[in-house]
1. Identify, from the list B:GLU381, B:GLU301, B:GLU332, the residue that is among the acidic types (Asp, Glu) and within 21 Å of B:SER401 (Cβ to Cβ).
2. Out of all the residues in segment A:178-189, is one or more touching a Lys or Arg at 6+ places or on another chain (Cβ under 7 Å) and among the aromatic types (Phe, Trp, Tyr)?
3. Where residues in segment B:235-256 are farther than 22 Å from B:ASP351 by Cβ and free of Cβ contacts under 8 Å to residues at least 40 places away in the same chain, which of them is farthest from the other protein chains (Cβ to nearest Cβ)?
4. Which one of these is over 29 Å from A:ALA146 (Cβ atoms) and among the hydrophobic types (A, V, I, L, M, F, W, C): A:ALA94, A:ALA29, A:ALA67?
5. Which condition does B:MET463 not pass, out of (1) modelled with pLDDT of 95 or more; (2) over 19 Å from the mean Cα position of the chain (by Cα), if it passes all the others?
6. For B:GLN211, only one of the following conditions fails: (1) touching a residue at least 12 places away in the same chain (Cβ under 8 Å); (2) buried (at least 17 other Cβ atoms within 10 Å of the Cβ). What is its number?
7. For residues in segment A:40-54 being within 26 Å of the chain's Cα centre (by Cα) and among the aliphatic types (A, V, I, L, M), which is surrounded by the most Cβ atoms within 10 Å (Cβ to Cβ)?
8. Please count how many residues of segment A:133-150 are touching a residue at least 24 places away in the same chain (Cβ under 8 Å) and more than 19 Å from A:THR399 (Cα to Cα).
2 protein chains.
Amino acid sequence: MTAYEELTHIFRRYYALNGASAMLGWDNATMLPENAGEPRGEQLAALADVCHEMITHPKLGELFAKAEADKNDLTDWQSANLREMKRGWQHQTAVPADLVSEISKACHESELFWRHARKENNWKDFLPHQANVLRLIRESAQAKSAAMGLSPYDALIDQYDPGTTSAMVDVIFDDLATFLPGFIRAVMEKQADETPPAELPGPFPAAVQKQLGLTMMKKLGFDFTRGRLDESTHPFCGGVPGDIRLTTRYNENDFLSGFFGIMHETGHALYEMGLPERWRNQPVGEARGMAFHESQSLLSEMQLTLSMDFLEYAAPLMRNAFQTSGPAWEPENIYRLVTRVQPSFIRVDADEATYPAHIILRYRLEKRMIEGSLEAKDLPEAFANEMQNLLGITPDTDTNSCMQDIHWPDGAFGYFPTYTLGAMTAAQLMDKARSSIPGLATHIRAGEFTYLFDWLRKNVHEMGSKLTSPELLKHATGQTLNAAIYKNHLQSRYLS
Amino acid sequence: MTAYEELTHIFRRYYALNGASAMLGWDNATMLPENAGEPRGEQLAALADVCHEMITHPKLGELFAKAEADKNDLTDWQSANLREMKRGWQHQTAVPADLVSEISKACHESELFWRHARKENNWKDFLPHQANVLRLIRESAQAKSAAMGLSPYDALIDQYDPGTTSAMVDVIFDDLATFLPGFIRAVMEKQADETPPAELPGPFPAAVQKQLGLTMMKKLGFDFTRGRLDESTHPFCGGVPGDIRLTTRYNENDFLSGFFGIMHETGHALYEMGLPERWRNQPVGEARGMAFHESQSLLSEMQLTLSMDFLEYAAPLMRNAFQTSGPAWEPENIYRLVTRVQPSFIRVDADEATYPAHIILRYRLEKRMIEGSLEAKDLPEAFANEMQNLLGITPDTDTNSCMQDIHWPDGAFGYFPTYTLGAMTAAQLMDKARSSIPGLATHIRAGEFTYLFDWLRKNVHEMGSKLTSPELLKHATGQTLNAAIYKNHLQSRYLS
């Protein structure tokens, strides 16, 4: 067996065990009895320990050296697989074991404390936790930086969106940051002059919502022989590529958020289902990072579903499902309901137009935190300033400001930019799909979505992690991330 | 850390990973999408490999030697835990790795072939598979015999019912074998003279059956914050002690078999839920073998549920659930429906009175097979002879004879006796419970089952695997297995 082959065997088992954890994670959220947390915690901890020991085993360094020396014997895909194996291994081994376990403990405690502190708007007592997590993540970023030849913050981004650097993000986000405040004002002025859209008259029985969701998932190409739909408090797309476990929740007073939620998660699911089958359980067979993953969910939710073409197809289905009719159910009214813009404090409640401002704000602050030019104690002031600059509003409490998200309490620095990079990637892919697929709009109006998803499968899903994130976007659209396309999308949706 | 403590750490992780497998096994049977078998297979195989490597690691031999040398420092429970660790380890390591994997492959192929051959009554082509499996299991039994100081067949029994030997079983089964043929004839003569009981008039909606099942499970003490009820083709009690996953199936034309099935599985579940919490994830905290496990399910199903006291309580609940009435729903009619006796070829369809004859037959044949005095090729004839002797009928086909059960095709020699040992243990425990719990019959008629299950928890469940199987029965009832109690039970139920 060559060193490369030996590595593939180790990673195959590593991924199979991670897959077991993923299935148990789904069970946690959907099936686990109320007081069965303890045995489940032990199962997941044992799996995590075994996986960690496997990937940090001393023999791997030697195997990577040998495999890289014989690199010329590998195919393109094998080379990419070796690169991705090594990247994963570096992230796991660059940080000393003591620091890893200190971070894990600190983040766990910080997150637990944050859950209460946020409710009580208690920044003062939470600050020491946040400062400690920041200190440890800085140390970790330094260690990854030294091992991987990236800047500390870029080494953190690389965990979530390989190949993307803050130098690239700066250019794109600065462009957007210049555009957004004026754009948001213009949209609000325009919408203030219009008659408000009519709310959909509920209630919306959960069973009907579910049936409609299942119908749409099938229409989009979700393979129910390799996946399921269940319910959980926080919807997610879980499981493994050959066994996708999608979840949603049904609010009988709010149909649209559930409907768009299912369409969002189905975008994630189709990406996982479309990954290259021959590379299952190998790093190169995985989805290409979180920005691309978010691009697939947002393409389904914000590019496909939130379009007049789609709503012209779907509105009659909705009326039929709920046995109702009336002007509120006209496609244009639904479209206008989902495109209302209003700056607000909370990111997860933000609309499409103001969401990127929330992300740019966080990106700028966390980059400065990791670089050392912003301390945790100065977060409330810095957060308020950036929010005023980008959104024109000033947070009223710390809970509505720097304490609102789980990411920083939990140490997940480097993740935030992927949300907006994903939204931009979705717009760019849809733009390319429109010019590449003849009659796409007509197909969508007819409820024929296979043209779109086949195109995505061929140009994105089947590429797995063969290319870096920027390379994959160039492969699929002919160009790297282009802010102009996203700005055009926003302008044509909100100002035309 | 002492050697004993180090062993507990290894076993804690081993049990947690086995627990993960158990949860995925439940998911297989209840939730798995049709074509998601491949990723699941990889997850389970990776878990099995990791567990096997963990338990056969060379350092364990040394740790056992050290721990046994320092045995005087251990408490009773710790000593028993060490004994059970070593027993499990011996079963895993006594057989050479090559033979283990040969057996696994041969049994897998044999079982696959058997699934078709049984349908086609094709003994001739299946025989080579059965002969090969027998040859390999004999080798395995020899290896276990040498390592554990037991006879080859006793070493196989020890996998399922530790502490029980064929010398003990011979005495008990010979006694029963003398008793059964005349007893069965007498019961049939008696029943031939009676008016047949009335069938329950269906259909029985699945949703009503489920609601009634949930009600009964709660009444018996099933803790739904640490377990659930779902559906599967083959009902079972799965999961882990802190997270019990019970399954059932609903036949809308047959209420009683589903009802008794839920009561059976709930008996298993209460045993698992009652195991000593402080010994979770250690061998001594496990259930005491398959005979005791079957005793708990049969105590619930055949001693509690199939009693006039219980049916007097439950019949009104049944009538109320199905919104029905009439003579068929009288407790005595239901009792008579479930106690009809008729010898037949198929074990899994056998009634309480003829079931032990099926087991004694298999026990006698498999003991001879392992000892070397019966070959696979001679099975059909030997099976037919024993069936004629014990049940007074001669099988018409090989499918209705030695090919009917999965156990031998799958290499599970040594398992069969546990069914009847379990039934006898159930009768003996119930006999003791009746004399130990004042007013038990009155409690049962009032739907108060906590007296019975608290007694079982204290005398059986909470003992885990501290004692061997015969010791535990003596601890709970004051005597070892006594065939007279079981014969009395049968006589009083069927002939009084």
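The values are calculated or read from the model by the stated rules, or taken from the named source; none is laboratory data. Computed from a predicted structure; not experimentally measured. Methodologically, a virtual Cβ is constructed for each residue, glycine included, from the backbone with ideal geometry; neighbour enumeration extends over all protein chains shown.
1. Working: B:GLU301 fails: within 21 Å of B:SER401 (Cβ to Cβ); B:GLU332 fails: within 21 Å of B:SER401 (Cβ to Cβ).
Residue meeting the stated conditions: B:GLU381.
2. yes
3. B:LEU246
4. Numbers: A:ALA94 fails: over 29 Å from A:ALA146 (Cβ atoms); A:ALA67 fails: over 29 Å from A:ALA146 (Cβ atoms).
Exactly one of A:ALA94, A:ALA29, A:ALA67 is over 29 Å from A:ALA146 (Cβ atoms) and among the hydrophobic types (A, V, I, L, M, F, W, C), namely A:ALA29.
5. (2)
6. Only one criterion is unmet by B:GLN211, namely (2).
7. A:LEU47
8. Taking segment A:133-150 as the starting set, the residues that turn out to be touching a residue at least 24 places away in the same chain (Cβ under 8 Å) are A:133-134, A:136-141, A:143-144, A:146-148.
With more than 19 Å from A:THR399 (Cα to Cα) added as a condition, the list becomes A:136-141, A:143-144, A:146-148.
So the answer is 11.
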